[in-house]
1. Return the residues of region 44-83 that are over 15 Å from the mean Cα position of the chain (by Cα), of a type in the set (Phe, Trp, Tyr) and in a strand (DSSP E or B); say none if nothing qualifies.
2. Suppose we filter Glu38, Glu21 for residues that are at pLDDT 85 or above and assigned to a loop (DSSP other than H, G, I, E, B); which single one remains?
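The values are calculated or read from the model by the stated rules, or taken from the named source; none is laboratory data. What you see is a predicted model; the values in this text were computed from it and never measured.
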Amino acid sequence: MGDFNTSPWSPYFDQFLQGAELSSVTQGQGIWATWSYESSLPHWFAKIPIDHIASRGFDCIDAWAGRANGSDHRPVIAELKPI
């Protein structure tokens, strides 16, 4: 999990997930921007989802983006259950 610096629509992200036999737990959970949340940045429109949780062997019950809390990224939080 973490800052992958790529959007969920990137073909490279998809290739990574397939090659590593992982799935994005946040897929199908909505779209929420996780970066650029530093309050001093004037570009409010440049907020994009580049932080992800990838897993193998878990289903996602729920996922959301938390508060930035001083970072320029919002954390991705997920409730997972084993398959």
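1. Phe58
2. Numbers: Glu38 fails: at pLDDT 85 or above.
Result of the check over Glu38, Glu21: Glu21.
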